[in-house]
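The values are calculated or read from the model by the stated rules, or taken from the named source; none is laboratory data. All figures in this text were calculated on a predicted structure; none of them were measured in a lab. Here the Cβ is made from the backbone with ideal geometry for all residues, glycine too, and neighbour counts use every protein chain on show.
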Amino acid sequence: MSTTSTTTLLALGAIFLWGTLAPLGVVLQHVPPFLLTGLGLLVGSLIALPLSGGKLARIAVPPRTLGLGVYGLFGFHFLLFIALRNAPPVQANLVNYLWPLGIVLMAPMFLPGIRLRALHVAAALLGFAGAALAILGGTGNGGGQGMQGGFAWGYVPALASAFVWASYSLLTQRVAPFPSAAIGLFGLVSGVLSLLCHAALEPAVALSTMDWALIAAMGLGPLGAAFYLWDAALKRGDARQIGVLSFLTPLLSTLALLWVRHEAPSPSVALAAAMIIGAAVLGSRAKA
């Protein structure tokens, strides 16, 4: 299998897992978000054990690299939760999904030797338009969670969270090389910080056996394996093309939510799928 094919499969694996985050979050919406994220990240950190052969020394990284990892995993979720608390959730989510666009457009600023071509920019803009259509087109029966007018200051942390994830994804290529197993250390520290935020900002809750099972699934999937796959893809592939592929995340998330709600996709969601797939094809044609 070629390097390009491997990279695409790794990126699509991460994107598919992130697409399951929204439906799991709906089922677990009674669990405070910092508690949910903290427990999920701690579960996800356990994946590092088999990846490192059980040798913790293999996931040790310099303080600068650890700081970058915590900046990415904890910073992204912290800012996103602040945004969702202080802005209409649909719009805040849409602003947050500027991060794939940020990866494409910021790649030349963060990675030496990378240049943008017109096709990269066109693909990124088409992908974001498709992502926006998927998010907005999938809220027709969203129970009052649709578009709301006016400005909310929560859009600022939503934009900041997009910048954090885009910049983290690119900056992992600028630090000393580290194994993807080290993502477990990033998740461990970020999970502890999230639990501290829960203790300071959220009420205590009792979790059922089903809650724990679903949190374990979230930790092993979108808050665990997805981060390892994402890191492995970025180490092997072109960040610009991976960024364009990432617009599939809100589409898959919307489709999963519709499935959970037993609703059929609307024509706008089908159009969004065509736009995002078209963007991915366009991005793949852009030469380095």
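Here are the numbers:
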| item | result |
| --- | --- |
| The range 23-42, residues that are within 11 Å of L214 (Cβ to Cβ) and touching a Gly at 6+ places or on another chain (Cβ under 6 Å) | G40 |
| Evaluation of L116 against (1) modelled with pLDDT of 85 or more; (2) outside any helix (DSSP H, G or I) (one fails), failing number | (1) |
| Complete set of residues in the range 217-275 that are of a type in the set (F, W, Y) and within 20 Å of Q91 (Cβ to Cβ) | F247 |
| G221 vs. criteria on the phi < 0 side of the Ramachandran plot, in contact with a Leu (Cβ under 6 Å, 6 or more places away or on another chain) and not in a loop (DSSP other than H, G, I, E, B) | yes |
| Search result, residues across the range 244-267 that are loosely packed, with under 15 Cβ neighbours inside 10 Å and assigned to a helix (DSSP H, G or I) | W259, V260, P267 |
| Unmet requirement for G237, which otherwise passes all of (1) of a type in the set (G, A, S); (2) farther than 11 Å from T8 by Cα; (3) at pLDDT below 95 | (2) |
| One residue from R285, R236 being surrounded by fewer than 21 Cβ atoms within 10 Å (Cβ to Cβ) and in contact with a Ser or Thr (Cβ under 6 Å, 6 or more places away or on another chain) | R236 |
| Selection count where residues are surrounded by 21 or more Cβ atoms within 10 Å (Cβ to Cβ) and assigned to a loop (DSSP other than H, G, I, E, B), scope the range 174-188 | 1 |
